[in-house]
Amino acid sequence: MTTIPLPQTQPLPADWRDLLALTKPRVMSLVVFTGLCGLIAAPGAMNPVLAFTAVLCIALGAGAAGALNQWYESDIDGLMKRTANRPLPAGRMERQTALHFGVGLSVFSVVLIGLAANYVAAAWLAVSILFYVLVYTVWLKRRTAQNIVIGGAAGAFPPLIGWAAATGDVTALPALLFAIIFLWTPPHFWALSLFVRTDYAAAGVPMLPVVSGNKVTRVQILLYTLPMVAAAIAPWALGMAGTIYGVSALVLNAIFLWLAIAVARNDASEPAGMIPEKRLFKFSILYLFVLFGALVADRLVLA
Amino acid sequence: MTPDQEVELRRRQKSRSRVTALLLGLFVVLMFGISVAKMLINR
């Protein structure tokens, strides 16, 4: 085998691990889980291969959106401790590579879910990617403190896509699942942004604590928790889910509300004193996993 | 390009080629599975 001589100025190609890191694998786990729950909770049985492909496409679509987000935000990522070691700000990859990877993966995931499941699911997946990249990343994130509120919709699409993949339709229950994640996002991210506020301030991102202060953010966390609790209990209250989901939703939402009240009553200004905020942030992740898990358990038991 | 950079370049090319081959293989298997599933549904 002959070895091709290297040009003197050729930049190093990205390592495949850095391409994987562009897809934000940690965030993807919640996306995959909620997408899978939407698919399983839907009426009727889907062929396992097609169901696997649909969930894979939801994951790939989320990864593609994450890659495009990192492509666009490489400048501010370099200013925050939490994100400074990502492949682009750390200089381990060229921006164009991330752009090509993100666009290619987006198109691939949308086309594949269209072929494997249906074009309703493909359309919702395309909308979710475009919403995250164009509406949240490009338009809102650097302009308004409401970035998380509206941008939260991007993360709320997976159960809807999963449901659409299984049925070719979107009804009231997947719309409620969308609403739960949509309303869960502000308390979840604002709790985080309270104790990493200096990071966001350094990067010039107008997160609520940076723009309006800690007190307003804490009140907003509590205010957004109330409709979230209502949305989470609604599937059971409206007869769309059974007792397993109902009991789980009541317990989980009571804890969430209790933690949100603790946050609203806290007046610490330094991260060291923000124990309630850290507790709420950690619990909010568990909350979503258990709530959606309960919905699936409910469906499987009823079936 | 320094000798160290060249070694690193070759290492990355090699690992990327392996991952690409693996992904293409999985893609072929997946497309086969989708085709069979679709045929079973339409039968």
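Bear in mind that the values in this text are calculations on the coordinates, not laboratory data. As the structure is a computational prediction, the values presented were derived from the model and not from experiment. So basically every Cβ, Gly included, is an ideal-geometry build from the backbone, and we count neighbours across all protein chains shown.
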Exercise for review: Over chain A, calculate the relative contact order: mean separation of alpha carbon pairs under 8 Å at least 6 apart, over the residue count, as a percent.
Suggested key: 19
Point to revise | For region B:16-21, 3J(HN,Hα) per residue [Karplus equation, 6.51 cos²θ - 1.76 cosθ + 1.60, θ = phi - 60°, Hz, x = Gly/Pro] | key: 5, 5, 5, 5, 4, 4
Review point. What number, rounded to the nearest 500 deg cm²/dmol, is the helix-based mean residue ellipticity at 222 nm of chain A, given -39500 (n - 2.57) per DSSP H run of at least four residues and division by all its residues?
Key: -24000 deg cm²/dmol
Study note, to complete from the structure: Full extension between A:D75 and A:R279 adds, at 0.36 nm per residue less the Cα distance, a length in nm of 70.4 nm
Study note, to complete from the structure: Eigenvalues of the alpha-carbon gyration tensor of region A:209-303, times 5 and square-rooted, give semi-axes in Å, largest first, of 31, 13, 9
Review point. Cα extents of chain B along the three principal axes, largest first, in whole Å?
Key: 61, 10, 6
Practice item. Whole Å is fine, so just give me how far the alpha carbon centre of region A:114-150 lies from that of region A:265-295. Key: 25
Revision key, fill the gap. Over the Cα atoms of region A:25-110 the radius of gyration and the largest Cα-Cα distance (Dmax), both in Å, equal 15.5, 48
Review point. Along the three principal axes, how long is chain A when you take its alpha carbons, biggest first, rounded to the nearest angstrom?
Key: 68, 52, 30
Point to revise | From phi via Karplus (6.51, -1.76, 1.60), per-residue ³J(HN,Hα) for region A:91-107 in Hz, x at Gly/Pro | key: x, 8, 8, 7, 4, 4, 4, 5, 5, 4, 4, x, 5, x, 5, 4, 4
Exercise for review: Calculate, for A:N85 and A:V111, the FRET efficiency according to 1/(1 + (r/R0)^6) with r their C-beta to C-beta distance and R0 45 Å; round to the nearest 0.05.
Suggested key: 0.85
Revision key, fill the gap. If exposed means trypsin sites (Lys or Arg not before Pro) lying in a DSSP loop and surrounded by at most 14 other beta carbons within 10 Å, then the longest stretch of chain A lacking such sites spans residues A:144-303
